[in-house]
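First up is the structure itself, then whatever we jot down about it.
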Amino acid sequence: MNEPLNPEQLRSLTPLNVLSEQQWRELRSQLVPQHLLAGQVLFRQGDQAHLTYYLLTGELQLISLDGSEEVLRAGSEASCHPLSPSVPRLHEARALTSISVLALESSTLNRLLTWRLAYQDLLLELGAAGEDVEWIESLLENPLFHKVPPSNVKAMLDRLQPLSVVAGDRVLQQGEQGDCCFFLKSGRAEVIRDEGGARQVLAELEVGACFGEEALLADRPRNASVTMLDDGMVLRLDRQDFFALLKAPVVNEVSLGEATRLLSQGAQWLDVRLQEEYERAHALQSLHMPLQLLRLKARLLDPQRTYLCYCDSGKRSANAVFLLSQMGFSAYLLRDGLDALPAIQRDGLLCESGSGYLARSGGRTERSR
């Protein structure tokens, strides 16, 4: 049985190389390579599986719709990017030698990637405002925050109510109805369950831990009590805020045809992917501004111009549109992203060497090639 690959073996793969250690752990069950013999087909043209493939070893032949062929070798620059990412597939992929590939659920990867880049962007903003970034980063690693759409995370942080507590305080009582959840900002606390008069200590909570959310998610009474062991501080999130912030905000979106009309009226493409993804292929005259730097670089945008945001799946660009709209810009996302475009439309939009613009530090942009 194959052992899962470790993150160091995958650091060259784009965009996997930006994921955090915790996110790698979430993906661990999927990090097992698949092996094919020479002549076997990995996928065919028109394949609908929502999987992201990477070539790890060997040589693979990609056959396009028009019959043209490309040989992909593991370790090459091209192999560091997903294989034929559009769904349905634009190519047939056939092993020329014995090969190994990595197959990841696209929805999971897109969720993790969007979350990681959005929260990097938020930490940069909060750090510039003098906030305790180390504490916030530990808080954001809590699995509960992973259920929150990235664009809502700052609103959740803003709604946390700090409460000072002392050793011996019972923050939650077993059997009570849940009207809030808490995060432990400082101090220690223990989780205790009373079963038939027997007191059972279930866990000791560390800084950054969330407790009380199970009663909210399951709409059931508290299944345990939480008592402070030290003086400290907890952050309370009310039930109504909790559920409001689980809902993704509505953002403006357009089809490629509607985007073309807006471009003719002076709009501009805004590529919010990583630079490695942008340099591989991008829309002509697009401005590159990666999601994780969007708040810092937004000053380079023209407030009188409309921006059309795109990424592969539409998830990163949806978050970008929300952020830009919050800052007063006119912005739309390309509906469902690049991967949903038919082959002829995708090929017509993206080019490998056409000029665009890179947003650089120091408040300037420069031409790209």
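Bear in mind that the values in this text are calculations on the coordinates, not laboratory data. Nothing here was measured: the structure is a model prediction, and the numbers come from that model. Cβ: placed from backbone, ideal geometry, glycine included. Neighbour counts: every protein chain shown.
Gyration tensor over the Cα atoms of region 165-310: the corresponding equivalent ellipsoid has semi-axes (square roots of 5 times the eigenvalues, largest first) of 50, 17, 13 Å. Relative contact order of the chain, taken over Cα pairs closer than 8 Å and 6 or more residues apart, is 14 percent.
Relative to its residue count, region 166-239 spans a Cα convex hull of 77 Å³ per residue. Given the alternatives [x] -0.39, -0.61, -1.38; [y] -0.50, -0.75, -1.28; [z] -0.60, -0.80, -1.18, log10 I(q)/I(0) by the Debye sum over Cα atoms at q = 0.08, 0.10, 0.15 Å⁻¹ as computed for this entry is given by [y]. Each peptide in 104-115, 291-302 gets a packing score, the mean of other Cβ atoms within 10 Å over its residues, and the list from highest to lowest is 104-115, 291-302. Fewest-first ordering of Thr52, Thr306 by other beta carbons within 10 Å of each residue's beta carbon gives Thr306, Thr52. Summarising the amide proton neighbourhood of Leu42: residues at separation of 5 or more, or on other chains, whose placed amide H is nearer than 5 Å comprise Ala93, Arg94, Ala95. Of all DSSP-defined beta bridges confined to the chain, some 80% are antiparallel rather than parallel. With a simple spin-label model that places each label point 7 Å from the Cα along the Cα-to-Cβ direction, the separation between Leu300 and Val41 comes to 4.4 nm. Bridge orientation summary for region 253-368: considering DSSP beta bridges with both residues in this region, about 35 percent are antiparallel.
In this simple spin-label approximation, Ala49 and Asn223 carry label points 7 Å from Cα along the Cα→Cβ vector, and these lie 3.5 nm apart. Panel order for Glu253, Glu204, by other beta carbons found within 10 Å of each beta carbon, from fewest to most: Glu204, Glu253. Please find the FRET efficiency linking Asp66 to Glu276, where r is the Cβ-Cβ separation and R0 is fixed at 30 Å, and quote it to the nearest 0.05. That pair, Asp66 with Glu276, gives E of 0.65.
Our Cα-only numbers for region 253-368 put the radius of gyration and Dmax at 12.8, 38 Å. For region 7-108, evaluate the Debye formula with one uniform point scatterer on each Cα (no solvent term) and list log10 I(q)/I(0) at q = 0.13, 0.19, 0.20, 0.25 Å⁻¹, rounded to two decimals. Relative scattering, expressed as log10 I(q)/I(0), comes to -0.44, -0.93, -1.03, -1.48.
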